[in-house]
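Novice: Have a look at this one.
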Amino acid sequence: MSTVVLDNVSKVYPGGYLAVDRLSLKAGEGELLVLLGPSGCGKSTLLRMIAGLEDITSGELWLNGEYANHLAPRDRDVAMVFQNGALYPHRTVRGNISFPLEIAKADPGYVKERVVELSRALHIDEMLDRRPGTLSGGQRQRVAMGRAIVRQPSLFLMDEPLSNLDAGMRTELRMEISSLVRALGVTTVYVTHDQVEALALADRIAILNRGVLQDVGTPGQIYNDPATAFVASFLSSQQLNLLEAVVRTPQNQYILLDFGLHQIIMPWTDPRAYAVSRHVGNSIIVGIRPDGLAPLPPGVDQGPCLAGRVRTLEYHGHEWLAYLEAGLPAVPVPEPPDRRRHGDGAANGGSRAKALVRRLLSGTHEEPDPPPVNASGSHRRADLIVRLGSRPVWRAGEHARVSVDLAKMLLFTPDGARIDPPRR
């Protein structure tokens, strides 16, 4: 097993393109760390720097306590699984899996035994004499995993190994990867853009955007306590409702979130109330996941609620989603400044009050003025997305009311930083 420590690492390509911006992160022994983010965020570049396939522009890489910036890839004791499998087309499945051991001049008897053992674990023992061109995508990825695992490296690096597979095969291989990696106890860094994959596989998730680390933590921490609006939005399986509200305190009796046509009252007993009150008279961003809204029967008045006309319903097999036209001011997802082409990026990895991210990121930099909440680029229309369950309770065109679960409501500053209760 091995540990991976990235200390203030940056990658700048020729021409000044900043792919990774002063990122600090650690993967512990036996941990399955998932790097998650949209295409072009720097996660694959980061993985390739760990493997030694890309040079590090600045910062330090430590593998199992050893300074590794200038170690050749063959000296890092890592095995990498690529998106397309990258198998040798002229060798059989048996030959592909055994190749790393043959290069290491291992005993032929041990090689044969190890190949058979792994092929059974990966359910490819009946195709050992076939060539990669005759295999399905899922079978080729199993062979690629076998070739990576066979020599028992101290570190696995997996670069979106399931992205080219269909949904059913992804689910099946995802379970096999999880069980195999944990059975072997090998430290693994896994890259994906799929939030479901990340939540299902990871011991911890590190979310990147525009080369900047946004948040890091267990799946539960990241989902329930996101550091930024970007993290909350990216990790939501359904689109996050992001709404603009002005903070008011009528006669100091309570916090009023004023959406214009609608208002939500937050009592002073809410642990976030005093943190929110510092924004009185200004706009904040309110994030509500579709499952934080519940349909209200006609005539029922139950706590904070919002209302609108049902514009459309969507059937998703196991559930229905409703889109309500409620006249609410929607906002785009705030993102960090895009400095990747200027070579002077700042480590702007989120401002969770618990300071987890800030401990991992080094350096202090002047922050840019936050963009206005109502900046151009709002998502779709000002619809409220509501999860209805297995049966639709409304029809398109009907007037509908929903209750708001205050505990599930996420609050952010205009630049996307989380508004948290004061820490003691």
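The values are calculated or read from the model by the stated rules, or taken from the named source; none is laboratory data. As the structure is a prediction and not an experimental result, all values here were calculated from the model. All Cβ positions, even for glycine, are placed from backbone atoms using ideal geometry, and neighbour counts span all protein chains on display.
Novice: Hand me the list of strands (runs of 3 or more DSSP E) wholly inside the range 305-422 holding 2 or more residues that are at pLDDT 90 or above, farther than 30 Å from Gly15 by Cβ and among the aromatic types (Phe, Trp, Tyr).
Specialist: The qualifying strands (runs of 3 or more DSSP E) are 320-325.
Here's the yes/no breakdown for (1) farther than 30 Å from Trp320 by Cβ; (2) of a type outside the set (Asp, Glu); (3) exposed (fewer than 15 other Cβ atoms within 10 Å of the Cβ):
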| site | (1), (2), (3) |
| --- | --- |
| Asn224 | no, yes, yes |
| Leu240 | no, yes, no |
| Val246 | yes, yes, no |
| Thr249 | yes, yes, no |
| Ala273 | yes, yes, no |
| Arg278 | yes, yes, yes |
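Novice: Turning to a different aspect of this structure: I need the full set of residues from the range 70-106 which are at positive phi and at pLDDT 85 or above, in order please. Can you show your working first?
Specialist: Step one: filter the range 70-106 for residues at positive phi, giving 77, 85-86, 105.
Across the range 70-106, the qualifying residues are Asp77, Lys105.
Novice: Okay, next question. For Gly65, only one of the following conditions fails: (1) in contact (Cβ under 8 Å) with a residue 40 or more places away in the chain; (2) among the small types (Gly, Ala, Ser); (3) touching an Asp or Glu at 6+ places or on another chain (Cβ under 8 Å). What is its number?
Specialist: (3)
Novice: Could you tell me whether Val78 is more than 25 Å from the chain's Cα centre (by Cα) and in contact (Cβ under 8 Å) with a residue 40 or more places away in the chain?
Specialist: It is false that Val78 is more than 25 Å from the chain's Cα centre (by Cα) and in contact (Cβ under 8 Å) with a residue 40 or more places away in the chain.
Novice: Go through Arg147, Arg120, Arg140, Arg131 for me and flag whichever is touching a His at 6+ places or on another chain (Cβ under 9 Å), at pLDDT 85 or above and over 30 Å from Pro226 (Cβ atoms). Lay out the reasoning, then the answer.
Specialist: Numbers: Arg147 fails: touching a His at 6+ places or on another chain (Cβ under 9 Å); Arg120 fails: touching a His at 6+ places or on another chain (Cβ under 9 Å); Arg140 fails: touching a His at 6+ places or on another chain (Cβ under 9 Å).
Being touching a His at 6+ places or on another chain (Cβ under 9 Å), at pLDDT 85 or above and over 30 Å from Pro226 (Cβ atoms) holds for just one of Arg147, Arg120, Arg140, Arg131, which is Arg131.
Novice: From the list Ser24, Ser10, Ser2, Ser44, exactly one residue is buried (at least 17 other Cβ atoms within 10 Å of the Cβ), part of a loop (DSSP other than H, G, I, E, B) and in contact with a strand residue (DSSP E or B) (Cβ under 6 Å, 6 or more places away or on another chain). Which is it?
Specialist: Being buried (at least 17 other Cβ atoms within 10 Å of the Cβ), part of a loop (DSSP other than H, G, I, E, B) and in contact with a strand residue (DSSP E or B) (Cβ under 6 Å, 6 or more places away or on another chain) holds for just one of Ser24, Ser10, Ser2, Ser44, which is Ser2.
Novice: Here is a follow-up. Which residue out of Leu35, Leu18, Leu87 is more than 21 Å from Ser154 (Cα to Cα), among the aliphatic types (A, V, I, L, M), touching a strand residue (DSSP E or B) at 6+ places or on another chain (Cβ under 8 Å) and buried (at least 21 other Cβ atoms within 10 Å of the Cβ)?
Specialist: From the options Leu35, Leu18, Leu87, the qualifying one is Leu18.
Novice: Run down Leu87, Leu6, Leu61, Leu46 and say which single residue is in contact with a helix residue (DSSP H, G or I) (Cβ under 9 Å, 6 or more places away or on another chain) and closer than 22 Å to Ala198 by Cα. Let's see the steps before the verdict.
Specialist: Numbers: Leu87 fails: closer than 22 Å to Ala198 by Cα; Leu61 fails: closer than 22 Å to Ala198 by Cα; Leu46 fails: in contact with a helix residue (DSSP H, G or I) (Cβ under 9 Å, 6 or more places away or on another chain).
Every option except Leu6 fails the conditions.
Novice: Would you please name the residue that is surrounded by the most Cβ atoms within 10 Å (Cβ to Cβ), looking only at residues in the range 199-222 that are touching a Pro at 6+ places or on another chain (Cβ under 7 Å) and within 19 Å of Gly42 (Cβ to Cβ)?
Specialist: The qualifying residue surrounded by the most Cβ atoms within 10 Å (Cβ to Cβ) is Val212.
Novice: Given the options Gly287, Gly299, name the one that is surrounded by fewer than 16 Cβ atoms within 10 Å (Cβ to Cβ) and among the small types (Gly, Ala, Ser).
Specialist: Answer to the selection: Gly299.
Novice: For the range 265-297, name all the residues that are closer than 26 Å to Pro392 by Cβ, touching a residue at least 60 places away in the same chain (Cβ under 8 Å) and outside any strand (DSSP E or B).
Specialist: Arg289, Pro290, Asp291, Gly292, Leu296
Novice: Keeping to the range 47-56, report how many residues are farther than 25 Å from Gln152 by Cα and either crowded, with 23+ Cβ neighbours inside 10 Å or in contact (Cβ under 8 Å) with a residue 60 or more places away in the chain (or both).
Specialist: Residues flagged as farther than 25 Å from Gln152 by Cα and either crowded, with 23+ Cβ neighbours inside 10 Å or in contact (Cβ under 8 Å) with a residue 60 or more places away in the chain (or both) within the range 47-56 amount to 0.
Novice: Need the failing condition index for Glu54 against (1) more than 22 Å from Val181 (Cα to Cα); (2) under 16 Å from the mean Cα position of the chain (by Cα); (3) of a type in the set (D, E, K, R), just the number.
Specialist: Condition not satisfied by Glu54: (2).
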